[in-house]
Every structure is written in C-alpha cells, then in structure tokens.
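The values are calculated or read from the model by the stated rules, or taken from the named source; none is laboratory data. Quick caveat, the model's predicted, so the values are computed rather than measured. Here the Cβ positions follow ideal geometry from the backbone for every residue, glycine too, while neighbour counts run over all protein chains shown. Note: areas computed on protein heavy atoms with side chains; ligands, DNA, RNA excluded. Shrake-Rupley method; radii C 1.70, N 1.55, O 1.52, S 1.80 Å.
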Amino acid sequence: MSQLLITGGAGFIGSHVCLSLLEGGNNLVVIDDFSNSSHQSLQRVCELSSVKDERRLKVFQGDIRNPKDLQNAFDAIDSAFDAVVHFAGLKAVGESCKSPLRYWDVNVNGTRCLLEVMKNNDCRTIVFSSSATLYGYPDQVPTPESADIRPVNPYGHTKAAVEQLLADMASSEPGWRIACLRYFNPVGAHPSGLIGEDPNGTPNNLFPYISQVAVGRLKELEVFGCDWPTIDGSAVRDYIHVMDLAEGHCEAIDFLNRGKPQLITFNLGTGNGYSVVQVIDAFEKVTGIEIPYRMGLRRIGDVACSVADPSLVAERLGWKTKRSLSDMCRDSWAWQKANPYGYCHH
Ligand code: NAD
Ligand code: UDP
C-alpha cells in the first residue's frame, strides 16, 4: 500500500488510473483545477471501487502552478508521498499552436513548480505522462524509445522540455526515481460505462468523434486523408485501451519503488497499428451501428503511421496490453451510450 499524489486525477486517463490504484489498495490524494474535467468522474471512481473511507481518496481543487495549492495537498497526509503520478496538463495540439505561452506555462512551468514542492517535501518519485508525439515523423515504425526526439508542435515541445527537466533533476542529486511513460493513442473507457472520455466541445480525437456520431450528436465523421502510404490510404495509429494504460501505471510505480533510484522511459502502446477505416469497421461491427463518413484532406501535422515498439517495457516491467481494438470500441460505446452528453448532462 502506498500514499500517492495524483495531479490531474479527475481527467480522462487520471480517473481510470485512480480506479486501478485504489483497487490495488493504495491511498490517493488528487489535485486538479477541473479546467478540463468534472467532479463527477472521481465520485464515480469511488462508486466503482466501493471506497467508503474518505481517507482513501482525498480531492483538492488547485492549480499545479501554485505552490500553496500543491503544499495543501502534501499537507493532507502525515507522511511523505511514496510517489507522484503527474497527469495535469494541457493536451490539444491545435490549441497549443495558437496559445504556446499557455502550454509552456501549464505543462512546463507547472511541472517545474511540482518538482520544487516535491523536493521541499522530500518526495523524489514521479511518473510523468509523456507522449508518442515526441517522435514527430519517426524514421522507424514501430518506434523504440531510443528514436530521435523531434516534436513538431508546441504541445510536443512542452513534453520534450519536461522530459529534459526530469533528466536534469535525476542528474542533479541522487535519489530520484522517475518514469516517463510515452503514451500512444489512449482510447476506450472502463467497461462499466461509468467513467470515460468527456471532451469539451467538438472532439478532435477519433474515438470520441466516432462515438458522438454513433450516439447522434454529430452527423458524420471526416477521415483526414485517404492518400497516406498505408494499407487503405487512411492514417495508422497504435490505439491502447485506457484500462491497459492504467495497469501499466500501477506496474511502473511498483517498479520504481522496488528498484534503485533511476530514470526510465517506456512506450505504452500495443505494438499494433490500425487505420482510421479499420477503426470505423471495428466500431460498426461491435456496436451494430453504421458510422456515416466521408474522405477528407490530410490534417496538418498528422503522420502516416505511429506505432509503438513495446518490447522494452515488456522486458523490464513484464507488462503488456491485454485488450483488443474490439474491446476499445465496445467500452467507448458503453460509456457514450450511457452518458451521451458526458458527465455534466447525465
Ligand atoms: P485530461 O485533460 O482529461 O486530464 C488532465 C487533467 O489535468 C484535467 O482533469 C484538468 O482539469 C487537469 N489540469 C489541467 N491543468 C491543470 C493545472 N494547471 N492544475 C491542476 N490540474 C490541471 O487529459 P488526459 O487525456 O487524461 O491526459 C492526461 C495526461 O496525459 C496529459 O498530461 C496529457 O498530455 C497526457 N497524454 C494524453 C494523451 C491522450 O491522448 N489523451 C496522449 C499522450 C499523453
Ligand atoms: N482522425 C480522423 N478524423 C477525425 C479525428 C481523427 O480521420 O475526426 C484521424 C487522425 O487524422 C489520425 C487518427 O484519426 O490519423 C487519430 O487521431 P487522434 O486525433 O485521435 O490522435 P492523434 O494520433 O492525432 O494524436
């Protein structure tokens, strides 16, 4: 049993990781400013994990850029945290191109502030949500962790900067245990349909877009590009079920706490790529609902193919994904069907 601080724990990935960590017997303190999430997500996490004892999941509304807010969270428990799992941040690529200052402030300055408060409180273990977007246009697909880091948008630049900052911390003094987890495309939801992805406004991402077409909120899907050098011309991604991702976090925390202080960097993906058209087919097959779509132009900044080489994490943590593309479609749909307007309008 560990005491963990979860930044951004109310968000899409954070809420699923909180559930897995609670089920693993850990006690959690969440800090979230709820700028992109609802209080309901963590209430439902409590329902799902049957946490009755409020001491097992404490929630603080606060901003990671504010040291006082962070210190409040650190003061919530008697001992030091065994680790911080750091999800809080901004993640929309298009928005990052329009507002780079905001992205650098929240993602980079926010992490700098978090690390300072961690150091002051003698906590030197952190799991960071990094991204496959770091690889930009990769030379090698499937892409190993050793590939060049050359992001192509401000969001990716901030993730690269944080990874560099974490490496600098690890070199600055002994004792730091750091895991940079580079997620590929997290999708799906908890199979209960009680928690899931609830984007603001029209979704940018494929799975929430398809689900909203299926539920009747959106008319049709536009497939961004039909002339990519792929199996059917549409772009290929490595979609990973968010519950697999959550379990990967639990393994990474155990690994860090077990071993010697070190910095590790892992891809979290399945190693399998699917095209947009293959995803539409899988979704239709699983749900029995037809998804109207039309072929459109390529989206600026997209790559043809992004697939993880997940062999390092399998070798070091003994972790690999268990859930299929059908599982991802089934669970995304279960969430969307039960919550057509997400958390707010339930
Ligand atoms: P999300 O927006 O659902 O969750 C982020 C959470 O952080 C939200 O609850 C938000 O309210 C909170 N937050 C934002 N700014 C904050 C601040 N200044 N102080 C405190 N809380 C703040 O996003 P997500 O999809 O769950 O992503 C979590 C992390 O994983 C992010 O760092 C993201 O960059 C990274 N990531 C996500 C994906 C993806 O496709 N979802 C892929 C790779 C990496
Ligand atoms: N995509 C699409 N139509 C949409 C949204 C996404 O064709 O409305 C494609 C996108 O071009 C990419 C894939 O679906 O090839 C996954 O996109 P997403 O935004 O979910 O994740 P990304 O890989 O860009 O981080």
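Stick to the Cα atoms of the chain, pair each with every other, and give me the Kirkwood hydrodynamic radius in Å at one decimal.
Taking the inverse mean of 1/r over all distinct Cα pairs, the chain comes out at 20.4 Å.
Rank R55, R182, R258 by mean-square fluctuation in a GNM of the chain with C-alpha springs under 10 angstrom and give only the top-ranked residue.
The residue that fluctuates most here is R258.
Ignoring ligands, DNA and RNA, what accessible area per residue does the range 146-205 give at 1.4 Å, in Å²?
Ligands and nucleic acids excluded, the result is 40 Å² per residue.
How large is the dipole of the chain about the Cα centre if only Lys and Arg carry +1 and Asp and Glu carry -1, each at its Cβ, rounded to the nearest 20 debye?
With Lys and Arg at +1 and Asp and Glu at -1, about 200 debye.
What does the charge count near T7 come to, summing +1 for each Lys or Arg and -1 for each Asp or Glu among other residues with Cβ under 12 Å from its Cβ?
Neighbourhood net charge equals -3.
What FRET efficiency, computed as 1/(1 + (r/R0)^6) with R0 = 30 Å and r the Cβ-Cβ distance, is obtained for R299 and D75, rounded to the nearest 0.05? Can you show the working numbers first?
Values: r = 45 Å, r/R0 = 1.49.
FRET efficiency, R299 to D75: 0.10.
For the range 1-106, evaluate the Debye formula with one uniform point scatterer on each Cα (no solvent term) and list log10 I(q)/I(0) at q = 0.15, 0.19 Å⁻¹, rounded to two decimals.
Result of the Debye calculation: -0.60, -0.91.
Which shape class applies to the range 41-83: rounded if a/c is under 1.5, otherwise prolate when a/b exceeds b/c and oblate if not, where a ≥ b ≥ c are the square roots of the Cα gyration tensor eigenvalues?
Oblate, since a/c reaches 1.5 and b/c is not below a/b.
Pick out, in residue order, every one of the GluC sites (Glu not before Pro) in the range 218-273 that is DSSP loop and has at most 12 other C-beta atoms within 10 Å; say none if there are none.
Within the range 218-273, the qualifying GluC sites (Glu not before Pro) (loop, at most 12 other Cβ atoms within 10 Å) are E220.
Could you tell me which of rounded, prolate or oblate describes the range 167-274, using a ≥ b ≥ c as the square roots of the eigenvalues of the alpha-carbon gyration tensor, with rounded for a/c under 1.5 and, failing that, prolate when a/b is larger than b/c and oblate otherwise? Provide the component values of the computation, followed by the final result.
Values: a/c = 2.75, a/b = 1.91, b/c = 1.44.
Here the range 167-274 falls in the prolate category.
Using Cα-Cα distances under 8 Å and only pairs 6 or more residues apart, what relative contact order does the range 1-133 have, in percent?
It comes to 28 percent, rounded to a whole number.
How big is the C-alpha Rg of the range 191-346 next to the rule-of-thumb value 2.2 N^0.38 Å, as a ratio?
Taking the Cα Rg and dividing by 2.2 N^0.38 Å, one obtains 1.14.
Evaluate the charge dipole of the range 17-131 about its Cα centre and quote only its size in Debye, nearest 20, assuming +1 on the Cβ of each Lys and Arg and -1 on the Cβ of each Asp and Glu.
With only Lys, Arg, Asp and Glu charged at Cβ, the dipole is about 260 debye.
Determine the gain in length on full extension of the stretch K98-K337; use 0.36 nm per residue of separation and subtract their C-alpha separation, reporting nm with one decimal.
Net length gain for the segment: 82.8 nm.
What full-extension length gain, to one decimal in nm, is calculated for R112 and E220 as 0.36 nm per residue of separation minus the Cα-Cα distance?
34.7 nm
Filter the cross-link list K119/K260; K260/K320; K52/K260; K58/K219 down to pairs whose alpha-carbon distance in this structure exceeds 29 Å.
As for pairs spanning more than 29 Å Cα to Cα, those are K52/K260; K58/K219.
Just to confirm the filter: which trypsin sites (Lys or Arg not before Pro) across the range 262-336 are DSSP coil and have at most 11 other Cβ within 10 angstrom of their Cβ?
K322
Could you work out the longest stretch of the chain that avoids the chymotrypsin sites (Phe, Trp or Tyr not before Pro) located in DSSP loops with at most 16 other Cβ atoms within 10 Å?
It works out to 35-340.
Evaluate the distance, in nm, between pseudo-label points positioned 7 Å from the Cα of D105 and of E315 along their respective Cα→Cβ axes.
4.3
Charges at C-beta only: +1 for Lys and Arg, -1 for Asp and Glu. How large is the resulting dipole of the range 167-288 about its Cα centre, in Debye rounded to 20?
Approximately 240 debye in magnitude.
At what distance in nm do the modelled label points of Q43 and K260 sit from each other, each positioned 7 Å from its Cα along Cα→Cβ?
The answer from the label model is 4.9 nm.
Would you mind computing, in nm to one decimal, how far apart the modelled labels at N120 and A167 are, each placed 7 Å from Cα along Cα→Cβ?
Each label point is offset 7 Å from its Cα along the Cβ direction, giving 2.8 nm.
For the full complex of protein chains and a 1.4 angstrom probe, list V51, V85 by accessible area with the highest value first.
V51, V85
With a 1.4 Å probe and all protein chains left in place, how much of the accessible area of the chain comes from carbon and sulfur atoms, in whole percent?
The C+S portion of the solvent-accessible surface of the chain is 49 percent.
Using a ≥ b ≥ c from the Cα gyration tensor of the range 113-237 (square roots of the eigenvalues), is it rounded, prolate or oblate, where a/c under 1.5 gives rounded and otherwise the larger of a/b and b/c decides, a/b for prolate?
Oblate is the answer for the range 113-237, as a/c is 1.5 or above yet b/c matches or exceeds a/b.
Measuring from centroid to centroid over Cα atoms, what is the spacing of the range 298-346 and the range 8-61 in Å?
20
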